[in-house]
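Notes to accompany the following structure.
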Amino acid sequence: MHPISRRRLLQGSAAAGALALLGAGGATAAPPPPHRWIGAGPFTHVYDPSTPGGPRYLNDHTLIKAADRWHLFGITGPAAPPGQAPDSAAEISFAHASAPDPYGPWTTHADALTRDPAYFGEEHLWAPHVVEAGGTYWMFYAAGGRDGAAINLATSTDLFTWTRLPTGPLFRGRAARDPMVVRIDGQWVMYYTELSGQDGRHVVAFRRSDDLVHWSEPGTVFTDATTTTTVSVTESPFVVERDGWYHLFIGPREGYDGTDVFASRNPFSFGLDGYAGHVPGHAVEVVTDGEQWHVSAAGWFQQGLYMAPLRWLDAPPPWQSAENPVAGLGADGRLNVFALDASDHALLRCVQLDPQSGTWSSWQPFGGPAGAVPTLGRDTDGRLEVFSLAPGGAGLDHRAQRPDGSWYDWEEFGGAAGAAPAVARGADGALEVFALGPAGSAVARRRQASPGSLTWQAWDGGFGGPAGAPPVVAANADGRLEVFALSPGGSGIYHRWQETPDGPWAQWSRFGTAAGGAPRVARDGSGRLIVVATAPSGQATFCRRQSVPSGGWDDWRPLFGWTAAAPALAPDADGRLEAFALSPGGALLGHRRQLATGGGWDPGDDFGEPGVRLAATPTAAVDATGRTHVFAVTADGRVRTRVRDRPGGGWRPWAAFGDRVVETQT
């Protein structure tokens with residue numbers, strides 16, 4: 001067994017077998033992008049704003065250093081029950097804390113500012129941002145009122161006592177909120193989220209000022225087709241300059257706890273074509289001490305402030321696998337579970353020793369390091385095939401199981417990629433994989449030479465794309481494969497299908513409206529496909545299923561409320577699908593099951609453990625006895641499992657699964 005190679009295949013004679021995602025011909029690879037790419041290290045919980053009166057959350061916030069201490073100001077309010085959003089209209093004060101370092105220890109102070117209805121009709125206090133100029137601290141914040149949305153200003157000389165501007169709001173807008181102020185080319189520039197005047201979509205607007213009090217008429221720096229008047233994915237704008245490039249952080253994108261980054265030479269014009277990375281946090285702010293860069297995050301479903309190192313990268317960061325860990329039934333009829341070791345990102349494998357008794361092996365090394373949790377395919381003879389992403393997305397690697405349950409060595413499978421690929425089995429039994437290019441540049445397809453073969457055909461690099469998330473694939477009842485992908489920015493879901501089993505492919509067509517991340521697809525026991533997807537910001541999850549097997553589609557229907565990502569789908573022993581949906585923040589794991597094969601859904605229940613937060617949507621698999629196993633990773637990297645006591649029966653309590661700490665950053 002040798003570790004996964006990091007060598008690329010986009011060179012020389014190997015190019016024919018490589019992932020042709022960069023549009024390069026022969027040995028010439030595309031030049032690297034001129035801007036730096038952005039990612040983030042693991043987030044650390046550093047501050048809880050709760051008081052003796054009860055738990056409180058922290059949302060949009062600001063950090064500023066004064067002398068030898070950092071000060072934190074942010075939206076706060078009473079925490080809601082797990083999985084439920086609090087009432088944003090009740091956000092009427094700004095929390096205040098200070099610390100010698102952004103990572104703490106933090107000292108709580110009295111709230112810095114409280115709503116004053118007598119001050120031009122303030123109704124709430126949202127999204128403070130503080131800058132220092134001329135020995136004065138200037139706090140810009142959003143405040144609704146009887147006359148509409150407003151950006152207000154309060155000043156202080158000590159960061160403890162704040163005085164509102166006597167003349168009232170700086171300006172009003174249609175939905176003006178989330179101000180951020182920065183100095184650019186000798187002027188102050190304010191970025192904020194707003195509704196456009198033309199079509200009422202949420203955009204990032206800007207204004208200029210020389211004195212922080214008088215502001216220009218607005219302009220627009222960013223918009224896309226995803227947003228509507230009711231759902232915004234252009235919130236919490238934050239702009240950072242580095243080496244002549246400006247980087248715009250906005251969200252919630254790819255779920256409530258997600259922020260996308262866009263780069264531009266022009267600080268007043270950003271677009272989807274400038275995509276520069278993703279940070280898995282809500283209301284992200286960027287701070288630096290001159291040497292190290294860090295990002296902070298907070299949100300309704302969290303327990304306060306989180307900090308992580310900001311990473312400036314030479315290549316686009318890959319998407320992480322949707323499930324963590326991942327599980328599949330092997331050639332010998334035993335379940336295999338795969339995860340990444342938290343310490344070195346080595347691949348780990350745990351094997352079911354006896355399906356009847358439920359005993360398992362310990363975690364064993366399986367290769368690596370890897371850049372994401374792998375994906376699995378299963379040959380017609382039951383052999384598993386593992387597809388892994390090399391660190392940094394440098395390439396794809398592949399390892400196949402032997403008929404006796406042992407494993408062949410790792411082999412390089414393709415060039416630079418943006419995620420571990422989607423895998424499905426075609427009508428003739430041959431596996432097909434669909435891989436995302438770096439930064440979502442394209443979708444490529446590759447097929448086994450024959451069912452169960454160890455050789456593969458060349459990559460088709462022009463299958464689709466660009467895409468806003470890794471594609472997903474499933475087989476129709478008649479064997480025709482169908483692929484679903486999110487458009488860049490999440491403005492819609494598209495699909496493409498084989499016109500005949502193992503035959504040619506139809507063109508891409510629109511399948512759904514704006515979505516908050518990659519969809520998922522599965523086939524139930526009636527032979528019908530079901531697709532699930534989250535709304536922008538993760539406010540709800542919807543499902544759409546085929547009217548008849550291999551046929552047309554019904555309308556979208558609601559399935560869950562707030563959801564961190566598209567729910568995991570798994571067929572039970574009798575073909576009924578089960579869905580598992582994780583709330584933002586991981587405090588609630590929802591569960592629903594089809595009432596009958598191909599039928600509607602039961603009312604659902606809370607499937608998680610009280611007081612246990614999960615780091616990612618779990619995975620589910622059925623073993624050789626017909627019992628469903630659910631595997632989940634907690635926020636501290638421990639794997640937990642829950643198993644049915646018999647096929648279709650009740651569930652046993654949650655239990656520990658192994659003693660290794662696995663990667664949680666998904």
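The values are calculated or read from the model by the stated rules, or taken from the named source; none is laboratory data. Computed from a predicted model, the values in this text were never measured in an experiment. Ideal geometry is used to build each Cβ from the backbone, glycine not excepted, and the neighbour counts take in all protein chains shown.
Give the residues of segment 581-621 that are in a strand (DSSP E or B) and either closer than 20 Å to GLN539 by Cβ or touching a Pro at 6+ places or on another chain (Cβ under 7 Å) (or both), sorted by residue number.
The answer is ALA581, LEU582, LEU589, GLY590, HIS591, ARG592, TRP601, ASP606, LEU614, THR619.
Pairs, please: C-beta under 6 Å, at least 6 apart or cross-chain, first residue within 19 Å of ARG378 (Cα to Cα) and touching a residue at least 12 places away in the same chain (Cβ under 8 Å) and in segment 412-426, second of a type in the set (Phe, Trp, Tyr) and in a strand (DSSP E or B)?
From segment 412-426, the pairs are ALA420/PHE387; PRO421/PHE387; PRO421/PHE434; ALA422/PHE434.
Of the residues ALA110, ALA150, ALA99, ALA154, only one is among the small types (Gly, Ala, Ser) and farther than 23 Å from LYS65 by Cβ; which?
Going through ALA110, ALA150, ALA99, ALA154 in turn, just one is among the small types (Gly, Ala, Ser) and farther than 23 Å from LYS65 by Cβ: ALA150.
Filter segment 431-451 for residues that are in a loop (DSSP other than H, G, I, E, B), closer than 18 Å to ALA331 by Cβ and out of contact with any Ser or Thr (no Cβ under 6 Å at 6 or more places or on another chain) and give the result.
Of everything in segment 431-451, just one residue is in a loop (DSSP other than H, G, I, E, B), closer than 18 Å to ALA331 by Cβ and out of contact with any Ser or Thr (no Cβ under 6 Å at 6 or more places or on another chain), namely SER450.
So, in segment 490-513, exactly how many residues are crowded, with 22+ Cβ neighbours inside 10 Å and at pLDDT below 95?
Counting residues in segment 490-513 that are crowded, with 22+ Cβ neighbours inside 10 Å and at pLDDT below 95 gives 1.
Can you tell me which of PHE268, PHE249 is at pLDDT 95 or above, surrounded by fewer than 17 Cβ atoms within 10 Å (Cβ to Cβ) and out of contact with any helix residue (DSSP H, G or I) (no Cβ under 9 Å at 6 or more places or on another chain)?
On inspection, the qualifying residue turns out to be PHE268.
Does SER450 satisfy the criteria of being more than 19 Å from the chain's Cα centre (by Cα) and not aliphatic (A, V, I, L, M)?
For SER450, the condition - more than 19 Å from the chain's Cα centre (by Cα) and not aliphatic (A, V, I, L, M) - is met.
Sort through ALA322, ALA308, ALA315 and tell me the only one that's buried (at least 24 other Cβ atoms within 10 Å of the Cβ) and small (Gly, Ala, Ser).
ALA322
Just a yes or no: is a residue in segment 158-171 buried (at least 21 other Cβ atoms within 10 Å of the Cβ), in a strand (DSSP E or B) and touching a Phe, Trp or Tyr at 6+ places or on another chain (Cβ under 6 Å)?
No, that holds for no residue.
Determine, yes or no, whether ASP332 is assigned to a loop (DSSP other than H, G, I, E, B), of a type outside the set (Phe, Trp, Tyr) and more than 30 Å from SER98 (Cα to Cα).
yes
Given the conditions (1) closer than 23 Å to ASN59 by Cβ; (2) touching a Leu at 6+ places or on another chain (Cβ under 8 Å); (3) at pLDDT 95 or above; (4) surrounded by fewer than 24 Cβ atoms within 10 Å (Cβ to Cβ), report the number of the one that VAL240 does not fulfil.
All conditions pass for VAL240, except number (2).
Among the residues of segment 598-614, which ones are surrounded by 21 or more Cβ atoms within 10 Å (Cβ to Cβ) and either within 13 Å of GLU323 (Cα to Cα) or touching a residue at least 60 places away in the same chain (Cβ under 8 Å) (or both)?
LEU614 - this is the single residue of segment 598-614 that is surrounded by 21 or more Cβ atoms within 10 Å (Cβ to Cβ) and either within 13 Å of GLU323 (Cα to Cα) or touching a residue at least 60 places away in the same chain (Cβ under 8 Å) (or both).
Within segment 364-412, how many residues are closer than 23 Å to GLN457 by Cβ and assigned to a strand (DSSP E or B)?
Residues that pass the stated criteria total 19.
Of ARG164, ARG174, which residue is touching a strand residue (DSSP E or B) at 6+ places or on another chain (Cβ under 7 Å), closer than 25 Å to PRO536 by Cα and among the basic types (Lys, Arg)?
Residue meeting the stated conditions: ARG174.
Restricting to segment 406-424, what's the tally of residues that are aliphatic (A, V, I, L, M), within 18 Å of VAL373 (Cβ to Cβ) and touching a Pro at 6+ places or on another chain (Cβ under 8 Å)?
Final tally of qualifying residues: 4.
Hey, PRO391 hits all of (1) under 23 Å from the mean Cα position of the chain (by Cα); (2) crowded, with 24+ Cβ neighbours inside 10 Å but one; which does it fall short on?
(2)
Return the total of residues in segment 390-411 being in contact with a strand residue (DSSP E or B) (Cβ under 6 Å, 6 or more places away or on another chain) and charged (D, E, K, R).
3
With respect to VAL213, determine if the residue is surrounded by fewer than 18 Cβ atoms within 10 Å (Cβ to Cβ), touching a residue at least 12 places away in the same chain (Cβ under 8 Å) and at negative phi.
Yes; evaluated as a whole, the condition is true for this residue.
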